[in-house]
Each structure stands twice: as C-alpha cells, then as structure tokens.
Amino acid sequence: MKLISIVVPMYNEEKVVPLFFAEINKVLEKIKQYQFEIVVVNDGSKDQTLSLLKAQQSLQKNLVIVNLSRNFGHEPAVAAGIKTAKGDAIIPMDADLQDPPSLIQALLAKFEAGFEVVNAKRKGRHEDTFFKRFSAIKFYQFVAKLSGKIKIPQNVGHFRLISRRVADEVNRLSERNRVFRIEVPFVGFKTTEVLFDRPKRAAGETHYNLKSMLKLAVDAIASTTSVPLVWPVQIFIFILILFGLSAITQIILFFTLSLSEVVMVSWLVGNLILFLFSLLFFVLSILSLYLSRVFIETQNRPFYIIDEVIVGRS
Ligand code: UDP
Ligand code: MG
C-alpha cells in the first residue's frame, strides 16, 4: 500500500488545530487504498499548538510532529516537513483549511494517472482584498517574464501533490533561500493541475502582512533568476546610444549652424555627463555580469535533472 504524507506547517494555530484534525481525518478515513501520515511542523508556536498536537498524537499514531527550535517562517517549515516526510507522494497544505482536504482525493487521482506534480490552482481570488489580487497578478506576470524556461504556474501556493522523486530533487536543492512554489517548477517532471475555490481561514488570523509578502516576492525573484543583474548592461547601452546621438548632433550643428557659445558649452557639459554615466554603467555591467555568475554558482542548482534514460533493446 502506498504511503501518502500530508505536510502541514503550524505557527500559533491553537484555534485551528481541532478544526484541522476533524476535517482531515474525516477526508482520509474515506480513502481506503492508501496509508497516510500527517507531518505537522510546529514552527516555534508561542501558544498551545504544540501541547494540542501532542494530545492529538496520543489519539492518532500516524501523526508525526516536527518541532522546530524557534519560528523560522512558512517556507523553512514546509522544507523541514518535506524532508521528514516518508511518503510515496507528499501533499503540503496550510493548517487553516484554506487548502481544503476534500481536494486530496482529486490530487491522488491525478497521481495515479501518472502525474508527478499535481498543482492545486485557485479558480479566482474573490476572497482576497483588491490589493492582494492586484499585486498577485502583477507579481506572477513579472516572475513569468523573468523566469525563462521555468514555467511558474499562477495562483498556486504550497498546496499540491509531489511524487517521491520530485520531493527528493527539492530536498537536494542546496540554496538557503527556499521558495517552494519556484523550486517545484524548476525540478520539472510531468505536471498537471486541479482547480479549487479557496475558502476563508477557518479560524485565527493570517501571518502574512505587506512586509512578509514583499519579502516573499523578492525571495521568489532572487531565487528564480539573475536577469535583474543584466539591467545595468541595458542601461549602459541605452546611455551610450543617447551619448552617441547627442554628440553626433552637436558636431553636425557645430559645422552647419552657428549656435551661441553658451548653448554649445552647456551641450558639451551635457554630453560629458552622458559619457561619464555610460562609463559608470559599463563598470557596473562588468561587476554585475560576474556577480550573476557567482549567484548561479553559489545557488548550485543541478543544471539538468533526468526523468529516465531509455535504452534500445539489442
Ligand atoms: N506559518 C508558519 N510559520 C510562519 C507563518 C505561517 O508555519 O512563520 C504557517 C501557518 O500556520 C499556516 C501557513 O503557514 O499553516 C499559511 O499561513 P497563513 O494562513 O497565515 O497565510 P495566508 O493563507 O494568509 O497566506
Ligand atoms: Mg491561510
């Protein structure tokens, strides 16, 4: 029988713990053809979350508690859970029932159909504020533009199913700056999606404010791509062209029209400034080109991942 791991990070979720277990157990009891383990990562909660989890563990043996030494954050907590999970497939989900356990059956059906990554994609974002909706759209467009060959699905958070192989590859990534929703598409493999409506938080409050959302956005961009490091090169080329055009125009006008000395001198000063700025950005370009190599080398990602090697029979 295949083992499926449900990975759940929890930070100050005492209000949610009973609701979560009531719901998840109701769903999992109906799915007979798999064994389940529930890996809960207690991310340094300061409330009763841990003691509630321990009480729950005395009732259900398939609960594994990973207790972190302090609060590390959502991404590291998920990474710790995935590392601990032993399942043939792993389903990370939020504790607050915003990732509905009722969808697990649909994720598993796709897994049985041979998909190694099954993304749970939100249909819409009606439950979000206008600001969160707008920033999410812009953010995904921006990342999609920068991410090149890696196809980052829109409106997919942590909630998804990944196979053992995908989890192993994610665990192998050595970067410190973890952004799960970028790591999975990087790893690749046969991927599909299942749509769902994201409900409101079952109880308690969100841990994400504007600051942590911005941090996630910056982390996501920085771990996807070094493209911003090419921007100084583009600025350099732009200023150089500007300088060239301005200088040539001035030389031509110098010989054809007799402009006043004041105009000529201030134009010359303008040209000089453009020239110096292009020099500055040339130097910055060199630095950023090397920096982008350093970034890629230190990120130390595999430069390919093999799905299978197919050998002809002789
Ligand atoms: N979480 C965590 N560590 C943190 C913040 C959040 O483990 O430092 C967990 C939290 O308990 C929840 C999940 O991450 O299970 C998602 O958090 P939340 O519901 O606050 O985010 P939102 O759904 O509002 O984006
Ligand atoms: Mg939530």
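Of everything in region 79-93 that's surrounded by fewer than 22 Cβ atoms within 10 Å (Cβ to Cβ) and either among the β-branched types (Val, Ile, Thr) or near ligand 1 (Cβ under 10 Å from one of its atoms) (or both), which residue is nearest to Glu205 (Cα to Cα)? This residue is Ala80.
Matching residues to (1) of a type outside the set (A, V, I, L, M); (2) within 29 Å of Leu245 (Cα to Cα); (3) free of Cβ contacts under 8 Å to residues at least 40 places away in the same chain:
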position: Leu268; (1), (2), (3): no, yes, yes
position: Asn271; (1), (2), (3): yes, yes, yes
position: Phe275; (1), (2), (3): yes, yes, yes
position: Arg313; (1), (2), (3): yes, no, yes
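Summed over region 194-227, the residues that are open to solvent by less than 80 Å² (accessible area, probe 1.4 Å) and in a strand (DSSP E or B) give a count of 2. For region 167-180, the condition of being in contact with a strand residue (DSSP E or B) (Cβ under 8 Å, 6 or more places away or on another chain), modelled with pLDDT of 85 or more and basic (Lys, Arg) holds for none of the residues. When restricted to residues that are under 12 Å from the mean Cα position of the chain (by Cα) and among the aliphatic types (A, V, I, L, M), region 142-169 contains 5. Evaluated against (1) closer than 23 Å to Phe134 by Cα; (2) in contact with a helix residue (DSSP H, G or I) (Cβ under 7 Å, 6 or more places away or on another chain); (3) more than 12 Å from ligand 1 (Cβ to nearest atom), Glu175 falls short on exactly one condition, (1).
Those residues that are of a type in the set (A, V, I, L, M, F, W, C) and exposed (fewer than 15 other Cβ atoms within 10 Å of the Cβ), I need them from region 107-116; list them, please. Reasoning before the result, please.
Kept after step one, since they are of a type in the set (A, V, I, L, M, F, W, C), are these residues of region 107-116: 107-109, 111, 113, 115.
Matches in region 107-116: Ala109, Ala113.
If you go through region 28-46 and keep only what is open to solvent by less than 40 Å² (accessible area, probe 1.4 Å), assigned to a loop (DSSP other than H, G, I, E, B) and not aromatic (Phe, Trp, Tyr), you end up with Ile31, Asp43, Gly44, Ser45. Can you report the number of residues in region 242-268 which are assigned to a helix (DSSP H, G or I) and surrounded by fewer than 12 Cβ atoms within 10 Å (Cβ to Cβ)? Adding up the residues that qualify gives 10.
The values are calculated or read from the model by the stated rules, or taken from the named source; none is laboratory data. Here the structure is a predicted model, which means the values were calculated and not measured. Don't worry about glycine lacking a Cβ; one is built from the backbone with ideal geometry, like all the others, and counts go over all protein chains shown. To get the accessible areas, we keep the full protein, side chains included, count just its heavy atoms, and leave off ligands, DNA and RNA. Shrake-Rupley method; radii C 1.70, N 1.55, O 1.52, S 1.80 Å.
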